[in-house]
Amino acid sequence: MEFSELIKTATVESVVLGGRGLPAVRGTLCITSHHLLLSSCPGGDAQPGTVELWLLIRNVDAVEKRLAGSSGTITLRCKDLKVLQLEIPGMEECLNIASSIEALSSVDSVMMMYPFFYRPQDLRLEEGWHLFPLEQYFQKIAAQTNQWRLSDLNRDFTTCPTYPAGVIVPAAVSDDTLRRAARFRQGGRFPVLSYYHPSNGTVMLRSSQPLTGPNRKRCPEDEVLLGTVLDEGERGFIIDTRSAQAAKQARMTGGGTEPKSSYPQWKRLHRPLERGRPLQESFIKLVEACNDASLSMDRWLSRLESCRWLSHVKAALSTACLAAQCLDREEASVLVHGAEGTDTTLLVTALAQVILDPGCRTMVGFQGLLEREWIEAGHPFHLRCARSAYSHARLKQEAPLFLLFLDCVWQLSRQFPFSLEFGESLLLALFDNAYASDYGTFLCNNEKERCLCKVKENTHSLWAWLNQPEEKKKYLNPLYSHNPLVIWPSVEPQSIQLWQGLFFRWIRPSQYLDEARAEMQRLVEANEAPAKESTGSRLSRSLSDPAARTENER
């Protein structure tokens, strides 16, 4: 397929671009294989036009057209929730532009997407792809215990097509036992280590549901695997992200739960979390309510409650707190799973680590967490983020699980404003890039697909861009102060707030907030200058002594 075949009209003059809160701009509209450009008319013969719009067509979620006489208006509803309007002279041009944008935004082949064509001058292709090797994460665990090992049994992705090549497993369990246990878990997702809690040696595991089925099948190898995690007399908790009823119904179709008789040391707790269609519909209803300027206060509050988005945020935070509490306060290991183990399971394990581990609350640590617990762990980004809140297409497998995670992290940052090294701007950038990106980090559904598409060889990493010094500064929290403690969020209704920075981002002007942030940054830097001078010798000694530097970081 050639992109040129999908572009019916490439250029139109005298197009007017508008949007909520934006002044109307007239210019020339151009469509390329991946972008929609609008260049305003130059002020004089020698002056070039200004590019007023540079929109990645993959970001378009829905195209709406309205014809009036000999012209027409196209409304573009974007995946990042922005809404743009194009007034186009000429009915045929309007229809052709709308058709071209629809066709280009629907291209589903991964290797035809923009990351495979994007070549920024200041980045190298290999940069950023190997910042967070699992070996490095494992070495931190190996320095504290010899109970775990790094296995490469999945190096050819045959044991589990959605796991990465390497996984951390109990040292006492052989690869052959793991392969047999994998056959007893949906999609081959056998229990693997997600997090080691250094203060007491407890662990958090993740997997998919066991395939017990209606006949209550057993798997000795799976029982051995989970039994090995606990010492004699110890107990563990299985947090199932489905309701007890849903888990029971799953048994009728070949799935199920771990029976108490076969896993006597493990206690099962059901904490149902929505995924799939109900979560996507909740997202759609919330965005519709946010865009309805005619709502009275009572009607707005009623719409906000009926969409149930904040209820999903509360449920996710509560379940993550439960997992963290089992590890930190009950000193008990935890296994988290739902059905497939690629959605709500990862939401809980990743959130629990932000709550427990101060390392995951740094800029680099948070990126490593996303790489390990979302990207390599097999969250199907290509399926889940195919459409956002505006699409008119029939829902397939779309679901904003990753957005829900980012919203929960934003709630943590609001309740603990000094404890996260990064700010809201990073969370917004991650949301935007998960749905439409110049970079290959969120492409495909799992590591196997990324290997087949040669994503790491042919696209740039988002982390390489975010970690450039000038870029990184934009995403740091100026109020950050290392907090070594567990951060326990409140999940009371009055504590959970709507993430206005995301849902009202294009609706309400952010000028004053931006100015306030800039002033806050200036004040923090001004305060730091005298402190740096008075502690110069100590900082110098710390920076020159690796051991001292490590201790300071702790």
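The values are calculated or read from the model by the stated rules, or taken from the named source; none is laboratory data. Given the structure is predicted, the values throughout are model-derived calculations rather than measurements. With ideal geometry, Cβ positions are generated from the backbone for all residues, glycine too; neighbour counts draw on all protein chains shown. Side chains included, ligands, DNA and RNA excluded: accessible areas come from the protein's heavy atoms. Shrake-Rupley method; radii C 1.70, N 1.55, O 1.52, S 1.80 Å.
Within the range 305-315, does at least one residue satisfy the condition of being touching a residue at least 24 places away in the same chain (Cβ under 8 Å) and assigned to a loop (DSSP other than H, G, I, E, B)?
yes
Of all the residues that make up the range 138-164, how many are touching a helix residue (DSSP H, G or I) at 6+ places or on another chain (Cβ under 6 Å) and of a type in the set (A, V, I, L, M, F, W, C)?
Qualifying residue count for the region: 5.
Return the pair list, or none, for Cβ contacts closer than 6 Å from residues in the range 22-43 that are open to solvent by less than 40 Å² (accessible area, probe 1.4 Å) to residues that are in a loop (DSSP other than H, G, I, E, B) and modelled with pLDDT of 90 or more, at least 6 apart or on different chains.
Ile31/Ile7; Ile31/Ala10
Kindly provide the set of residues from the range 212-240 that are open to solvent by 50 Å² or more (accessible area, probe 1.4 Å) and hydrophobic (A, V, I, L, M, F, W, C), ordered by number.
The answer is Val224, and nothing else.
Given Ala316, Ala289, which one is farther than 24 Å from Arg77 by Cβ and buried (at least 16 other Cβ atoms within 10 Å of the Cβ)?
After ruling out the rest, the residue left standing is Ala316.
Output the number of residues of the range 347-360 satisfying the condition of being in contact with a strand residue (DSSP E or B) (Cβ under 8 Å, 6 or more places away or on another chain) and more than 18 Å from Arg268 (Cβ to Cβ).
Initially, the range 347-360 is screened for residues in contact with a strand residue (DSSP E or B) (Cβ under 8 Å, 6 or more places away or on another chain), giving 348-349, 352-353, 356-357.
Now drop any that are not more than 18 Å from Arg268 (Cβ to Cβ), which leaves 353, 356-357.
The total comes to 3.
Conditions: (1) closer than 22 Å to Pro489 by Cα; (2) of a type outside the set (Gly, Ala, Ser); (3) surrounded by fewer than 18 Cβ atoms within 10 Å (Cβ to Cβ). Trp309 meets all but one. Number of the miss?
Result: Trp309 passes all but (3).
For the range 81-114, which residues satisfy the criterion of being more than 21 Å from Cys30 (Cβ to Cβ) and either open to solvent by less than 20 Å² (accessible area, probe 1.4 Å) or part of a helix (DSSP H, G or I) (or both)?
Answer for the range 81-114, where residues must be more than 21 Å from Cys30 (Cβ to Cβ) and either open to solvent by less than 20 Å² (accessible area, probe 1.4 Å) or part of a helix (DSSP H, G or I) (or both): Leu81, Val110, Met111.
With (1) surrounded by fewer than 19 Cβ atoms within 10 Å (Cβ to Cβ); (2) in the same structural domain as Asp231 (by the TED database); (3) not in a helix (DSSP H, G or I) as the list, and Asp122 as the residue in question, which single condition is left unmet?
Unmet for Asp122, out of (1) surrounded by fewer than 19 Cβ atoms within 10 Å (Cβ to Cβ); (2) in the same structural domain as Asp231 (by the TED database); (3) not in a helix (DSSP H, G or I): (2).
Are there any pairs, at least 6 apart or on different chains, whose C-beta atoms fall under 7 Å, with the first in the range 480-501 and assigned by the TED database to the domain that holds Leu327 and the second open to solvent by less than 30 Å² (accessible area, probe 1.4 Å) and assigned to a loop (DSSP other than H, G, I, E, B), and if so, which?
Listed by first residue and then by second, the contacts come to Tyr480/Leu420; Asn483/Ser419; Ile487/Ser419.
Scan the helices (runs of 4 or more DSSP H) fully inside the range 336-421 and keep the ones with 2 or more residues being open to solvent by less than 20 Å² (accessible area, probe 1.4 Å), hydrophobic (A, V, I, L, M, F, W, C) and out of contact with any Gly (no Cβ under 9 Å at 6 or more places or on another chain). Working first, answer last.
Numbers: elements: 344-356, 363-370, 381-384, 401-415.
Passing ranges, in order: 344-356, 363-370, 401-415.
Only one of Glu232, Glu221, Glu135 is touching a helix residue (DSSP H, G or I) at 6+ places or on another chain (Cβ under 9 Å), more than 28 Å from Ala316 (Cβ to Cβ) and either acidic (Asp, Glu) or not assigned by the TED database to the domain that holds Pro358 (or both). Can you tell me which?
Glu221
Confirm whether Ser243 is surrounded by fewer than 22 Cβ atoms within 10 Å (Cβ to Cβ) and either modelled with pLDDT of 95 or more or out of contact with any strand residue (DSSP E or B) (no Cβ under 7 Å at 6 or more places or on another chain) (or both).
It is true that Ser243 is surrounded by fewer than 22 Cβ atoms within 10 Å (Cβ to Cβ) and either modelled with pLDDT of 95 or more or out of contact with any strand residue (DSSP E or B) (no Cβ under 7 Å at 6 or more places or on another chain) (or both).
Return the residues of the range 432-490 that are open to solvent by less than 30 Å² (accessible area, probe 1.4 Å) and acidic (Asp, Glu); say none if nothing qualifies.
Glu447, Glu471
Using the structure shown, decide if Leu428 is farther than 20 Å from Ser208 by Cα, within 17 Å of the chain's Cα centre (by Cα) and touching a residue at least 12 places away in the same chain (Cβ under 8 Å).
Spelling it out, Leu428 is indeed farther than 20 Å from Ser208 by Cα, within 17 Å of the chain's Cα centre (by Cα) and touching a residue at least 12 places away in the same chain (Cβ under 8 Å).
For Trp488, work out the one condition from (1) out of contact with any Phe, Trp or Tyr (no Cβ under 9 Å at 6 or more places or on another chain); (2) assigned to a helix (DSSP H, G or I) it doesn't fulfil.
Here Trp488 meets the rest and fails (2).
Which of (1) open to solvent by 20 Å² or more (accessible area, probe 1.4 Å); (2) within 21 Å of Val348 (Cα to Cα); (3) of a type outside the set (S, T, N, Q) is the odd one out, the single condition Trp129 does not satisfy?
(2)
Which residue out of Ala339, Ala320 is over 23 Å from Leu498 (Cα atoms) and modelled with pLDDT of 95 or more? Outline the logic, then answer.
Details: Ala320 fails: over 23 Å from Leu498 (Cα atoms).
Going through Ala339, Ala320 in turn, just one is over 23 Å from Leu498 (Cα atoms) and modelled with pLDDT of 95 or more: Ala339.
Collect the residues in the range 323-346 that are in contact with an Asp or Glu (Cβ under 9 Å, 6 or more places away or on another chain) and closer than 12 Å to Arg271 by Cβ, keeping them in residue-number order.
Matches in the range 323-346: Val336, His337, Gly338, Thr344.
Which is part of a helix (DSSP H, G or I), farther than 15 Å from Gln367 by Cα and at pLDDT 95 or above, of Cys451, Cys444?
On inspection, the qualifying residue turns out to be Cys451.
Of the conditions (1) touching a residue at least 24 places away in the same chain (Cβ under 8 Å); (2) in a helix (DSSP H, G or I); (3) surrounded by fewer than 17 Cβ atoms within 10 Å (Cβ to Cβ), Gln136 satisfies every one except a single condition; which number is it?
That leaves (1) as the condition not met.
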